[in-house]
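What follows is a short report on a single structure.
The values are calculated or read from the model by the stated rules, or taken from the named source; none is laboratory data. Just so we're clear, the structure is a prediction, and the values are computed from it rather than from any experiment. So basically every Cβ, Gly included, is an ideal-geometry build from the backbone, and we count neighbours across all protein chains shown. In case anyone asks, the SASA skips ligands and DNA or RNA and just uses the protein heavy atoms, side chains included. Shrake-Rupley method; radii C 1.70, N 1.55, O 1.52, S 1.80 Å.
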Amino acid sequence: MRQTWRWFGPKDLVSVDDMRQAGVEGVVSALHHIPTGALWTPDEIARRQRQIGVMRDGSASGLNWEVVESLPVSEDIKKQKGDWRAHLETWKESMRNLRAAGIEVICYNFMPVLDWTRTDLAWRRPSGATCMRFDLPDFAAFDIHILERPGAAEEFPEWVVAEAALRLAGMDEDRKAALARNVVFGLPGAAEQFTLEDVRRHLAEYAGMSAGTLRRHLIDFLSEVAPLAEEVGVRLCCHPDDPPFPLLGLPRVMSTEADYAEVMQAVDLKANGITLCTGSLGARPDNDLPGMMERMGERVHFLHLRNVTLEGDDLRNSFFEDGHLDGGTDMVAMIAAVLAEERRREAEGRTDISIPMRPDHGQDILDDLGRKGQPGYPAIGRLKGLAELRGIMTALDHPLVRGA
Ligand code: DNO
């Protein structure tokens, strides 16, 4: 496994020096300043590569930009409306430019409107650490009473609707505003501050779109980009829905093993691959992550390792982002499955033996607390996660254990 780290660019509170000290081997980044649908030019790509390549004192960092997360897919492509054909051509051109700069792994997602969604970005744990949380009744309170989406109440179990009304009654105006802000944080371009009206407008664009249609659009997109990726030597990897169930009446199509199997078969090329995110997929009790790695590992091009604790047994539950070795996913079994896949690749003579992984998200601990960093991406919390995962990787790969 290749130990990588997500870096948001020069504005990231975590520096290149910090990444080096965390012991990472490669960097995951994106050109966040370029609007979705616009071209990633060779100049802009080279500039980010240079930024990753130097430490504060000007010496070489020895780190390279190895994975793109994400090359965003425009809403027009997902809807097949407006400028979608032009956006598709631009996406391919950006992919070519990235490949020419030496980057082979490109992550993207196909979630309409919302990327990831939480109700709390800094939920306090008993230890005083904070983490991100998705609370189903709070989310329902937002959907039914704050956004006032028609038909929302019918989409939740009765107990959630009743609880949502109680929650709303207990919220002051500040909490209502914070809840709305947290929920829309994962919207494309959310930094620009979306209003509820903006959210309603985005949702209206998808009114009546079925999961089947969205899946067909994803397959159409892949039929265009994956053959080119295969030809130029790029590995594409689709990130799962987070959380992995429909929200706000929007279709979601990459939430389960069956979803992935269908899309992998529909465009049956190695370049059409998977970002296996144990945190996103782990928010559903019916997703077996080590099993998915065993069964679909040959198409897994990128790994996000983190863990969530579910607070119920339903398909939709409240959950919080737990420590990397806590929560519902057996991380030792997961890493064992990854190492087994890497050994299979080696035996087959594949060149992409080492799968890039990054410690995904982390709780805010120690000096992370009170820093206004990117939610989910604190330096120390992630470093703790990486250190724990690295311990498992090292132990499972040791002759004492392998030979046992
Ligand atoms: C959240 C991330 C996602 C992810 C995109 C990939 O922290 O896991 O925003 O980067 O969905 O396209």
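For residue 11, the lysines whose Cα falls under 19 Å of its own Cα, not counting residues fewer than eight places away in the same chain, are 372. Highest GNM mean-square fluctuation among 352, 242, 330, for the chain modelled with Cα contacts below 10 Å: 352.
In order along the range 304-318, phi translates into HN-Hα couplings of 10, 9, 7, 9, 10, 9, 8, 10, x, 10, 6, 5, 10, 9, 6 Hz, rounded to whole numbers, per the Karplus curve 6.51 cos²θ - 1.76 cosθ + 1.60 with θ = phi - 60° and x for Gly and Pro. Computed over the alpha carbons of the chain, Rg followed by Dmax gives 20.6, 61 Å. Its Kirkwood hydrodynamic radius, worked out from the mean inverse distance over all distinct Cα pairs, puts the range 68-196 at 17.2 Å. Within the listed set 59, 255, 280, the residue fluctuating most in the Gaussian network model of the chain (springs between alpha-carbon atoms under 10 angstrom) is 59. Rounded to the nearest 20, the size of the Cβ-charge dipole of the range 270-404 about its Cα centre is 500 debye, with Lys and Arg at +1 and Asp and Glu at -1. Surface calculation, 1.4 Å probe, protein heavy atoms: residue 318 sits at approximately 20 Å² accessible. Straight-line reach from residue 384: taking Cα to Cα under 15 Å and skipping same-chain neighbours fewer than 8 places apart, the aspartates and glutamates in range are 18, 321, 322, 326, 360, 364, 367, 368. Using a Gaussian network model of the chain in which every pair of alpha carbons under 10 angstrom is joined by a spring, one finds that among 311, 348, 66 the greatest mean-square fluctuation is at 348.
Listed values for the range 30-44 are Karplus-derived 3J(HN,Hα) couplings in whole Hz (6.51 cos²θ - 1.76 cosθ + 1.60, θ = phi - 60°), namely 8, 8, 5, 7, 8, x, 4, x, 8, 6, 8, 7, x, 5, 5, and x replaces Gly and Pro.
Counting only protein heavy atoms and a 1.4 Å probe, the range 1-155 has 41 square angstrom of accessible area per residue. Derived scalar couplings between HN and Hα for the range 274-281 equal 10, 9, 7, 9, 5, x, 5, 5 Hz in order, rounded to whole Hz, by the Karplus curve 6.51 cos²θ - 1.76 cosθ + 1.60 (θ = phi - 60°), x for Gly and Pro. Size check on the range 28-134: the Cα extents along the three principal axes, sorted descending, read 49, 46, 20 Å. Around the amide H of residue 322, modelled in the peptide plane, lie the amide H atoms of 307, 308, 309, all under 5 Å away and 5 or more residues distant in sequence or on another chain. With R₀ set to 41 Å, the beta-carbon distance separating residue 213 from residue 158 gives a calculated FRET efficiency near 0.90. Farthest toward the positive end of the dipole of the range 263-351, out of 285, 272, 349, is the Cα of 349, where the dipole comes from beta carbon charges about the Cα centre.
Amide H to amide H, with H built 1.01 Å from N, residue 2 comes under 5 Å of 355, 357, counting only residues 5 or more places away or on other chains. Packing here is the average count of other Cβ atoms within 10 Å per residue, and on that basis the peptides 124-132, 42-50, highest first, run 124-132, 42-50.
Distances between every pair of Cα atoms in the range 1-86, grouped in 10 Å steps from 0 to the bin holding the largest one, split as 16, 44, 25, 12, 3 percent. Globularity index of the range 216-340 is 1.07 (Cα radius of gyration / 2.2 N^0.38 Å, N = number of residues).
All Cα-Cα separations within the range 279-404 were binned at 10 Å from zero, giving a P(r) of 12, 39, 34, 14, 2, each value a whole percent of the pairs.
Its Cα gyration tensor gives the range 119-165 an equivalent ellipsoid. The semi-axes, each the square root of 5 times an eigenvalue, are 25, 11, 7 Å from largest down.
Taken over the range 77-136, the convex hull of the Cα atoms encloses 132 Å³ per residue.
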